[in-house]
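Some notes on the structure that comes next.
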Amino acid sequence: VVADEEPVDRRTRQQIQANDTRFTTLISNFLLRGEQRQVERLTIKDPTRRTDFPAEVLSSKILDERGEPIAIVSVVHDLTQAEENERLARELGQLNDQLEERIRRATVELEERNRRLEWQSFELEKASRLKSEFLANMSHELRTPLNVILGYISLMRERIYGTLTQQQDEALAKTYHTSQHLLELINDILDLSK
């Protein structure tokens, strides 16, 4: 068990030393510059979790009366949550873009459907108008002549135009009943179409 712990401790020490080296280099470079304050990003290794995390180091020089640095104060901020928030914001932006694209496509599709519905509505109105014209023509062109035929047959059967033989009367009766049946069919069709 002790043998297993030694590499972990060595690895932990190596990570701490790597962190110290990074931080010391950052502070040394800051000390050499003439700036009073510095903000730097750096990656720090978490030796307990064995992971890297982003950090922001804010450093300020404390100067003596002559303006010489006597100390450097640094504050380290863990940026893990900030980077996670940025990642989530990017994902949210991507999802928003995808949603906008879906909405745009759905709008285009809806507009196309509306155009088709308008065309179909126009075609239905046209068909209805043609049907009405057909029915009006059918009513006029078929019913009127049939009524005339029925009227003349009635007059002939009443012997207004002279006497009829038995055969002529029977033929006129059949013609009258057939014409009456045809007129009823036409009236039924017209009634049904209304």
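The values are calculated or read from the model by the stated rules, or taken from the named source; none is laboratory data. Not measured: the values here are computed from a predicted model. Reconstructed Cβ throughout: ideal geometry from the backbone, glycine too, with neighbour counts over all protein chains shown. Each accessible area value is taken on the protein alone, full model and side chains, heavy atoms only, with ligands, DNA and RNA left out. Shrake-Rupley method; radii C 1.70, N 1.55, O 1.52, S 1.80 Å.
List of remarks:
- Checking each residue in segment 77-103 for being assigned to a helix (DSSP H, G or I) and of a type in the set (A, V, I, L, M, F, W, C) picks out ALA82, LEU88, ALA89, LEU92, LEU95, LEU99, ILE103.
- Checked across segment 58-76, the condition of being of a type in the set (A, V, I, L, M, F, W, C), surrounded by 10 or more Cβ atoms within 10 Å (Cβ to Cβ) and part of a helix (DSSP H, G or I) holds for no residue.
- Scanning segment 174-194 for residues that are out of contact with any helix residue (DSSP H, G or I) (no Cβ under 7 Å at 6 or more places or on another chain) and farther than 22 Å from SER132 by Cβ turns up LYS174, HIS177, THR178, HIS181.
- LEU130, sole failed condition from (1) under 18 Å from HIS177 (Cα atoms); (2) part of a helix (DSSP H, G or I); (3) open to solvent by 80 Å² or more (accessible area, probe 1.4 Å): (1)
- Residues within segment 139-155 that are over 58 Å from the mean Cα position of the chain (by Cα) and either acidic (Asp, Glu) or open to solvent by less than 70 Å² (accessible area, probe 1.4 Å) (or both), tallied: 7
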